[in-house]
Every structure is written in structure tokens, then in C-alpha cells.
Amino acid sequence: MQTTELQKVASQVRRDILRQVHGCQSGHPGGSLGCTDLLVELYFNAMNLKSDAAGKVEFQMNGLNEDVFFLSNGHISPLLYSVLARRGYFPVAELATFRKLNTRLQGHPTPHEQLEGIRIASGSLGQGLSVAIGVAQAKKLNGDLSTVYCLMGDGEQNEGQVWEAAMYAPHHNVNNLIAFIDENGQQIDGPTEKVMNNLDLEAKYKAFGWQVLRVDGNDMAALTGIIQKAKSLFVNNKPVMVIMKTEMGAGVDFMMHSHKWHGVAPNDEQLALALGQLEETLGDY
């Protein structure tokens with residue numbers, strides 16, 4: 001897809017996020033809105049996905065011979081659900097069941113609901129990178145040349161398991177993995193620099209042996225370019241970490257520049273105001 005087309009998809013996904021969270025008055029809109037551009041770029045452009053002759057996505061749990069993505073910061077599930085539905089994994093109308101009784105769309109993704117596109121339970125922070133590394137190694141053992149992607153939050157870097165995984169991947173030459181950190185500077189209790197300062201993440205990951213890139217995570221064209229560049233670095237036999245600067249609440253002016261909307265649902269008036277800032281491009285569910 002061209003950048004303008006991807007941006008139109010992203011606008012609809014942002015509408016879906018807001019409507020899901022509003023519909024059950026629960027969820028995490030801030031980080032979901034901030035990371036929208038990345039997931040749209042991945043699923044609608046960068047990733048090689050299994051599909052039938054008509055182009056319809058075919059979900060296979062083992063992900064063999066296709067690119068796979070793992071969402072480590074699972075609380076931004078409204079984003080993942082919207083992107084999966086819009087990409088054709090399951091009916092868009094199912095988004096209306098988000099966080100409701102007997103839904104497959106739990107607050108944090110879980111594979112036991114058998115929701116197409118979900119391969120792991122996530123939301124217990126710190127685990128996604130480890131899973132992604134394991135799958136990347138399995139692909140190499142299987143002779144599968146596909147790429148593994150993983151997204152973490154910057155607040156999630158507080159978790160010790162992240163750093164165990166960070167040591168492991170370069171040591172084992174996991175050169176089919178691109179990980180992203182959503183560097184929005186916010187977490188549930190406030191600014192990351194006050195809660196637990198990450199200091200220089202670029203220097204830390206480089207010291208662990210990663211190849212590190214930086215990108216504006218709310219610039220669709222820049223995301224397209226950085227993924228291409230990251231893949232070109234695989235020849236160096238090391239994984240790639242992309243530190244992605246985003247704005248929590250991107251696309252909705254009153255939700256930006258604060259941790260307030262990390263886990264707060266908009267009321268009716270706020271929803272109307274937010275939707276007024278986002279073009280309906282694919283039709284609301």
C-alpha cells in the first residue's frame with residue numbers, strides 16, 4: 001500500500017480503538033492510538049502473511065513460512081484487534097464485543113479464546129521479547145526465512161525478563177528479529193523518567209549487542225523506510241531494535257502529552273469530540 005492508503009487505514013483503526021473502549025467503558029486508548037501507525041504498516045504493508053488465491057488472510061497458529069508479530073504490551077489490545085479485523089482475520093463486527101461477557105476479545109489477548117491472529121497471551125509485561133526470540137530461532141532451525149516482529153512499551157523496560165532476553169538474542173545471532181520499543185515517555189503511574197528512568201535505551205541495547213535504529217513512530221513513511229533498513233542489517237548476524245518515538249493518544253489532541261489516557265475510557269461527549277478529529281475511511285462497525 002502507498003503511504004496515503006495506510007494513513008486512511010490508520011484513521012479508521014483509531015476510530016475503532018476509541019469506540020471499543022467507549023463501548024465497554026474499559027481499556028487502554030492512549031498507547032493504542034500511539035502505536036496505530038506501526039501495526040497498520042506491519043499488517044497492511046511490511047509483513048508477508050499467508051493468504052488464499054483471493055488474497056484473504058489464512059491464519060495458521062504455527063506461522064510457518066510467514067512473518068509473525070508478537071504484542072508484548074498486551075494492554076493495547078484494542079489496536080491489535082482492530083488491525084486484525086480490518087486485515088480480514090475475523091469479522092469487523094466482532095469488535096463490538098470488546099471486553100464484554102463471553103467475548104473472544106478479552107482485555108488482554110489470549111489464545112485459548114481461539115481468536116484468529118492471536119498466538120500468545122500477553123499483558124503480563126516483559127514476556128513478549130522472549131517469545132519472539134524463541135520463535136525466531138525456531139524459524140531458523142526450520143529453514144524458514146520469514147521475519148519475526150515484537151512490540152514492547154518503554155515502561156515495560158522496567159521488567160527484568162526483558163534484559164535477560166536482550167542478552168540472549170545477540171549472543172545467539174538471532175538475525176531474523178526486529179523488535180520495537182514504544183518510547184512515548186508515559187506509563188500507568190506517570191512519566192517514565194519519574195517512575196523508573198530508562199535513561200539511554202539506545203546505549204543499553206547497543207551494549208548488549210543489538211543493532212539499534214530510531215524512528216518517528218507516528219510517521220507512516222518513516223516506518224516503511226526503517227523496516228526496510230532494519231531488514232538490510234540482518235546480514236550482520238544480529239537482531240535489530242527500533243526505538244520508536246510516539247505520542248500517547250496520537251490523533252486526538254486532548255489525549256496527547258499526558259499519561260492520563262493510558263487506561264481511561266472516554267465518555268459520550270469525549271468520544272464524539274475525538275471521532276470528529278478522525279476520518280471514517282472504511283466504515284464504522
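The values are calculated or read from the model by the stated rules, or taken from the named source; none is laboratory data. Please read these numbers as outputs of a predicted model, since none were measured by experiment. Positions of Cβ are generated from backbone atoms using ideal geometry, with glycine treated the same way; all protein chains shown enter the neighbour counts. For accessibility, only protein heavy atoms count, side chains too; no ligands or nucleic acids. Shrake-Rupley method; radii C 1.70, N 1.55, O 1.52, S 1.80 Å.
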Exercise for review: Kindly indicate which of L64, L95, L39, L80 is touching a Pro at 6+ places or on another chain (Cβ under 9 Å), within 26 Å of V135 (Cβ to Cβ) and not basic (K, R).
Suggested key: L80
Practice item. Out of R86, R119, R104, report the one residue that is under 20 Å from A179 (Cα atoms) and open to solvent by 20 Å² or more (accessible area, probe 1.4 Å). Key: R119
Study note, to complete from the structure: The residue from L39, L18, L6, L49 that alone is modelled with pLDDT of 95 or more and either part of a loop (DSSP other than H, G, I, E, B) or out of contact with any helix residue (DSSP H, G or I) (no Cβ under 6 Å at 6 or more places or on another chain) (or both) is L49
Review point. What residue, among those in the range 159-192 that are at pLDDT 95 or above and among the acidic types (D, E), is farthest from L39 (Cα to Cα)?
Key: E164
Exercise for review: Please report, ordered by residue number, the helices (runs of 4 or more DSSP H) entirely within the range 171-259 with at least 2 residues that are among the small types (G, A, S) and surrounded by fewer than 16 Cβ atoms within 10 Å (Cβ to Cβ).
Suggested key: 201-207, 220-232
Practice item. Check whether at least one residue in the range 201-209 is among the acidic types (D, E) and at pLDDT below 95, and report yes or no. Key: no
Review point. Is one or more of the residues making up the range 60-72 touching a strand residue (DSSP E or B) at 6+ places or on another chain (Cβ under 6 Å), among the polar types (S, T, N, Q) and open to solvent by less than 40 Å² (accessible area, probe 1.4 Å)?
Key: yes
Review point. Do we find that G190 is under 14 Å from the mean Cα position of the chain (by Cα) and of a type outside the set (A, V, I, L, M) in this structure?
Key: no
Point to revise | Near pairs, Cβ below 8 angstrom, 6+ apart or cross-chain, from the range 88-100 (assigned to a loop (DSSP other than H, G, I, E, B)) to any residue that is among the aromatic types (F, W, Y) | key: Y89/F59; F98/Y81
Review point. Within the range 272-279, is there a residue that is within 21 Å of the chain's Cα centre (by Cα) and either under 24 Å from E193 (Cα atoms) or open to solvent by 30 Å² or more (accessible area, probe 1.4 Å) (or both)?
Key: no
Exercise for review: Could you check, for the range 48-55, whether at least one of its residues is buried (at least 16 other Cβ atoms within 10 Å of the Cβ) and under 17 Å from the mean Cα position of the chain (by Cα)?
Suggested key: yes
**Study point:** Residues located in the range 21-30, provided they are part of a helix (DSSP H, G or I), touching a helix residue (DSSP H, G or I) at 6+ places or on another chain (Cβ under 7 Å) and open to solvent by 10 Å² or more (accessible area, probe 1.4 Å)
**Key:** H22, G23
